[in-house]
Amino acid sequence: MSSFHFFLLLPIAALAQPEAFEVGPSGKDQLPRGKEADGIVGDFILRNDKIEALISGDLPLRRANMSTFYGADGITPGCLYDLALRGVANDQLTVFCPAGQQGAVSWVRVTQSGGEEAIVETVATAPNHAGLSRRHEYRLRDGWQGVLITTHLRNESKTPMKVATLDKWTNFKRTGTSLGIVWADAIDPADKCGYAYGFTEGEPGPSVDLAPGAEVKFSRILAVGTSSLDAAGLVAAQRGATGRVAGIVRDSQGAPVTTAQLAIRPTAGQARALGIGYTDGAGHFSVALPPGDYEIAFDDIGRETVTRKISVQSGQTAAVDTAMSQPATVEFDIRDEAGRSIPCKAQFNMTGGGERIDLGPENRAHGCADQWFSERGKFRVQLPPGSYRIVVTHGIEYSHLSREVTIAAGATFGFGGTLKRLVDTTGWVSADYHNHSTPSGDNTCGTDDRVISLAAEHVEFAPTTEHNRLYDWRPHIARLGLSEYVQTVPGMELTGSGAHLNAFPFKPEPGAQDAGAPVWNKDPRISAITLRDWQGAEPDRWVQINHPDMVEDFIDRDGDGRADGGFHGLATLIDGIETQNGHGTELLAGRPFKVTKDTLGKESVSTIREFIWLQMLNRGHRYAAMAVCDAHSVWGNGVGGWRMYMPSASDEPARIDWREQSRHAKAGHSILTTGPFLSVSTDSGAGPGDSVRASGGVKLRVKVQCTDWLDIDRVQVLVNGRQRPELNFTRQAQPEMFGAGVVKFERTLDVPLSEDAHLIVVAVGEKSDLSIGYGSSGQAKMRPFAYNNPIFVDVDGGGFLPNGDTLGWPLPVKKISVEEAKRMSAK
């Protein structure tokens with residue numbers, strides 16, 4: 001279909017005029033809003049009476065949310081960043097790159113505004129782009145619920161070229177193609193938003209061959225709707241004749257079903273569904289479809305699926321009113337001992353051999369896989385009828401509730417109870433210094449969902465650490481009513497294809513690229529120095545290295561297999577390193593590497609970060625160890641596995657002082673844990689991170705507490721990183737030393753010393769895991785594991801001196817082969 005005919009199909013408002021304009025410093029309030037909205041000063045807005053779109057300006061380092069694209073072509077000026085219905089503030093699009101447009105452009109400008117249409121043009125001229133001229137026009141008229149994007153490609157070189165023409169868009173999980181229309185649905189169905197695009201002129205295929213002087217032109221419409229099905233229907237209406245399907249969905253008692261999903265599939269051939277549709281707040285739906293026969297499936301968790309067959313005729317509306325059954329529902333009322341409704345997590349584990357249920361995408365709080373995270377204790381969950389073991393938790397200090405229940409079709413089950421605080425952590429708060437939500441760009445976890453998950457898992461202090469973006473979670477915390485449960489401080493993660501660093505505090509600058517964040521440097525020393533002084537020097541600023549490459553950073557910088565000291569001086573520029581990031585519990589591995597197999601059986605060698613940290617301690621490194629989740633989703637790679645405990649003047653999260661927390665973290669006054677709460681001090685009162693003078697040895701007071709779904713069976717003291725056999729205590733060998741209640745271990749241990757030593761106490765449940773608290777999520781297979789940052793003991797009074805012991809293994813260098821690793825392990 002020609003673009004001329006395309007225009008004739010679209011209604012044009014008689015009086016209103018579309019507009020296009022550049023956003024200036026005083027126009028930041030005009031920028032689109034939504035979960036993925038990413039406009040800044042210097043971008044261009046294109047809007048009409050229906051929608052608003054944002055085209056990224058030709059600005060330095062202009063890029064969408066970090067991690068959308070990597071490398072030199074990661075910048076994307078002149079692309080469509082935001083697209084939403086007017087007044088809805090519901091942008092879900094990270095970036096749409098027409099014909100794969102990435103890299104520098106020659107200009108972005110408004111070529112028309114007002115009158116019949118508004119146009120923003122992006123041009124990459126041939127002399128500056130290897131002889132290929134690219135021009136994209138973003139065009140809008142009133143009445144359109146989509147942007148017409150026309151691409152012109154011209155080979156101005158003297159040689160033939162093959163040019164990729166595939167459009168790119170991110171970040172979506174649920175996508176599809178049907179009847180020539182590409183669609184994508186919002187990550188969270190509750191957001192009720194979707195996109196679709198289809199070609200209206202000159203569909204090019206994956207690539208085109210252009211002879212010298214040849215050019216090609218093609219157009220597509222990118223539409224936004226209340227669902228991907230709605231958007232796909234809008235595109236279909238511009239590509240040809242359509243009719244409509246409309247109706248209302250009610251339950252058996254006549255109440256509207258507001259959470260129903262619709263899948264419409266052509267009955268002829270093998271065509272896929274045209275997207276996912278939703279009922280609105282009154283149970284209504286209305287979508288456009290090409291003429292033909294279809295089957296509609298109405299789904300809502302906990303209700304029986306209803307299917308209907310319909311025939312759609314051009315220009316007519318097929319009415320489809322539908323009745324669905326009453327849902328199977330669990331009504332929760334979870335409180336603490338003071339009677340307050342409390343944030344919590346519920347697991348729904350199918351019993352009797354049933355398959356795991358799916359309540360929604362893994363990166364949202366309200367229904368992720370078979371779990372539900374709630375910001376309050378009163379909430380309602382619809383479930384498929386069946387038998388379940390429901391488990392409710394609020395982190396690792398509180399008791400849990402577990403019940404076997406059977407939920408009948410159409411029935412409501414009441415689940416109430418009290419979560420008791422069992423573990424005494426007075427004077428300490430739990431913290432996680434590394435987590436993400438969708439502003440980071442490499443994940444689609446909503447920021448509210450991240451905050452809810454932190455509160456539900458009882459993480460009390462969590463600095464804001466989005467990739468390459470200054471951000472602040474405090475408005476989200478306040479809006480959710482979670483200020484008494486979670487505290488944050490605005491910060492960032494500075495990220496690139498090498499060392500990543502977290503730092504806080506910073507002040508986000510709305511309207512600036514990356515909200516005013518600095519640019520990453522391959523040399524982590526430069527990045528660390530930059531962060532130290534960014535927005536002015538701050539004496540309490542915290543800087544840490546994330547998931548460090550211990551070999552490159554501190555041993556073998558160039559990877560040539562010879563120890564060169566890594567990035568000299570780096571250890572003096574950072575405050576901490578993540579010894580624990582993710583799901584590992586390998587401090588007691590006893591070696592610096594391991595051989596693993598992938599799903600195809602291929603073997604590879606990876607280093608063990610925790611062991612190399614022990615080697616580095618013996619060589620005089622004194623940065624603190626950090627335990628984080630680095631969560632990018634809610635279920636799976638979520639929060640609540642590794643965390644830290646640090647002293648705090650207040651046990652109330654709302655009164656946590658980030659400066660105090662930073663100072664304790666820098667000093668190593670912290671415990672790292674997957675669950676057990678470990679207390680360690682000398683008889684003189686020195687604790688983690690402290691230095692103490694003690695001739696001949698020390699007495700260590702060790703206490704380990706666990707909530708009712710955790711246990712430990714071993715306590716091991718590490719002396720200068722070595723596992724002394726006489727300081728290894730197990731439930732099997734010394735059952736009298738271990739308890740069965742909350743207090744699992746409480747003893748004063750004699751630690752004789754003949755030289756200066758750093759002391760680490762490890763508490764581990766070698767015969768248990770975290771499955772009760774995490775169910776089907778990835779943390780479930782981890783062991784209960786806790787250890788302290790070292791206590792440094794000066795034996796001779798000359799000040800603490802590291803002994804240089806590499807613990808029986810040479811410092812690892814890159815790269816060690818599988819064969820060499822096996823040969824070394826056999827010695």
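The values are calculated or read from the model by the stated rules, or taken from the named source; none is laboratory data. Remember, predicted model here, so these are calculated numbers, not experimental data. Here the Cβ positions follow ideal geometry from the backbone for every residue, glycine too, while neighbour counts run over all protein chains shown. We work out accessible area using only protein heavy atoms, side chains counted, and drop any ligands, DNA or RNA first. Shrake-Rupley method; radii C 1.70, N 1.55, O 1.52, S 1.80 Å.
Across the protein chains, with a 1.4 Å probe defining accessible surface, the residues ASP209, ASP188, ASP321 rank ASP209, ASP321, ASP188 from largest area downward.
With 26 Å as the limit on Cα-Cα distance, the pairs of LYS597/LYS814; LYS594/LYS744; LYS192/LYS309; LYS522/LYS666; LYS35/LYS507 that go past it are LYS594/LYS744.
Working note: 222 nm ellipticity from helices only, DSSP H runs with n ≥ 4, each -39,500 (n - 2.57), summed and divided by the residues of the chain, gives -2500 deg cm²/dmol to the nearest 500. Rolling a 1.4 Å probe over the protein heavy atoms of segment 111-184, with every protein chain left in place, gives an accessible area that is 51 percent carbon and sulfur.
If a spin label sat at a point 7 angstrom from the Cα of GLN734 along the line to its beta carbon, the backbone N atoms of segment 672-714 nearer than 14 Å would be those of 699-704, 713-714.
Defining a contact as two alpha carbons under 8 Å apart and six or more residues distant in sequence, what relative contact order in percent does segment 246-403 show? Normalised by residue count, the contact order of segment 246-403 is 19 percent.
Roughly speaking, what is the stretch gain from LEU600 to ALA649, that is 0.36 nm per residue apart minus the C-alpha to C-alpha distance, in nm to one decimal? Intermediate values should be presented prior to the final figure.
Values: separation 49, 0.36 × 49 = 17.64 nm, distance 5.17 nm.
In short, 12.5 nm is gained.
Only protein atoms count toward the accessible area here, which uses a 1.4 Å probe; on segment 326-434, the carbon and sulfur part of that area reaches 46 percent.
Inter-label distance, ALA190 to ARG724: 5.3 nm, where each label sits 7 Å from its Cα along the C-beta direction.
Compactness of segment 256-371, taken as the C-alpha radius of gyration over 2.2 N^0.38 Å, stands at 1.38.
Relative to its Kirkwood radius, the Cα radius of gyration of segment 107-233 gives an Rg/Rh of 1.02.
Over segment 261-342, Cα pairs under 8 Å with separation of 6+ residues give a relative contact order of 22 percent.
Among the protein heavy atoms, those of HIS583 account for about 90 Å² of accessible surface (1.4 Å probe, every chain in place). Here LYS378 is the anchor, and the lysines within straight C-alpha reach of less than 20 Å, apart from those fewer than 8 places off in the same chain, are LYS345, LYS420.
Given a 1.4 Å probe and the protein chains as shown, THR425 ends up with an accessible area of around 10 Å². Rolling a 1.4 Å probe over the protein heavy atoms gives the chain an accessible area of 38 Å² per residue. The length gained by stretching the chain between LEU166 and LYS378 to full extension, at 0.36 nm per residue less their Cα-Cα distance, is 71.6 nm. Set the Förster radius R0 to 41 Å, insert the Cβ-Cβ distance between ALA126 and GLN17 as r into 1/(1 + (r/R0)^6), and round the FRET efficiency to 0.05. Efficiency, from the Cβ-Cβ distance: 0.75.
As an exercise, use a Förster radius of 22 Å and the Cβ-Cβ distance of ARG532 and LEU801 to find the FRET efficiency, rounded to the nearest 0.05.
On the way: r = 28 Å, r/R0 = 1.28.
Efficiency, rounded to the nearest 0.05: 0.20.
What percent do you get for the relative contact order of segment 339-414 when only Cα pairs under 8 Å and 6+ apart count?
Working: 134 pairs, mean separation 23.3, N = 76.
Once divided by the residue count of segment 339-414, the mean separation gives 31 percent.
Between GLN313 and LYS217, the FRET efficiency from the beta-carbon distance, with R0 = 30 Å, is close to 0.35. Three semi-axes describe the equivalent ellipsoid of segment 661-738; taken as square roots of 5 times the Cα gyration tensor eigenvalues and ordered largest first, they are 23, 19, 11 Å.
Principal-axis analysis of the Cα atoms of the chain puts helix 524-533 at an angle of about 80° to the longest axis. Remark: spin-label model distance HIS583-ARG747 equals 3.2 nm, labels positioned 7 Å along the Cα→Cβ axis.
The accessible area of ARG783, taken with all protein chains in place and a 1.4 Å probe, comes to roughly 70 Å².
Highest mean packing comes first when the peptides 754-762, 810-818 are listed by Cβ atoms within 10 Å, giving 754-762, 810-818.
Express in nm, to one decimal, how much length is gained between ALA338 and LYS815 on full extension, taking 0.36 nm for each residue of separation and deducting their alpha carbon distance. Working shown, then result.
Numbers: separation 477, 0.36 × 477 = 171.72 nm, distance 5.66 nm.
Between ALA338 and LYS815, full extension yields 166.1 nm more.
Would you mind pulling out the separation of the Cα centroids of segment 33-66 and segment 579-634, in Å? Taking the Cα centre of segment 579-634 as reference, the centre of segment 33-66 is 40 Å away. Between THR175 and SER691, the modelled label-to-label distance comes to 5.6 nm, taking each label 7 Å out from Cα in the direction of the beta carbon. Measuring nothing but protein heavy atoms, the accessible surface of segment 721-827 at 1.4 Å probe radius is 52 percent carbon and sulfur.
Take each peptide in 713-719, 230-236, 744-750, count the other Cβ atoms within 10 Å of every residue, and average; sorted highest first, the result is 230-236, 713-719, 744-750. For the pair segment 452-525 and segment 643-702, the centres of their Cα atoms are 24 angstrom apart.
A Stokes-Einstein calculation at 25 °C with viscosity 0.890 mPa s, built on the Kirkwood radius of the chain over Cα pairs, returns a diffusion coefficient of 84 µm²/s. Taking the square roots of five times each eigenvalue of the Cα gyration tensor of segment 687-827, the equivalent ellipsoid has semi-axes of 28, 25, 13 Å, listed largest first. Helix 447-456 versus the longest principal axis of the chain: what is the Cα-based angle in degrees, 0 to 90, to the nearest 10? Taking Cα atoms only, the helix is inclined about 30 degrees. In segment 508-636, a dipole from Cβ-located charges (positive for Lys and Arg, negative for Asp and Glu) runs towards its positive end, and of PRO518, ASN618, GLY584 it is ASN618 whose Cα lies farthest in that direction. Centre-to-centre separation between the Cα atoms of segment 307-369 and those of segment 751-774: 42 Å. Taking the charge dipole of the chain about its Cα centre, with +1 at Lys and Arg Cβ atoms and -1 at Asp and Glu Cβ atoms, the residue from LEU93, LEU480, TRP658 reaching farthest to the positive side is LEU93. Most tightly packed first, judged by the mean number of other beta-carbon atoms within 10 Å of their residues, the peptides 773-781, 217-225 read 217-225, 773-781.
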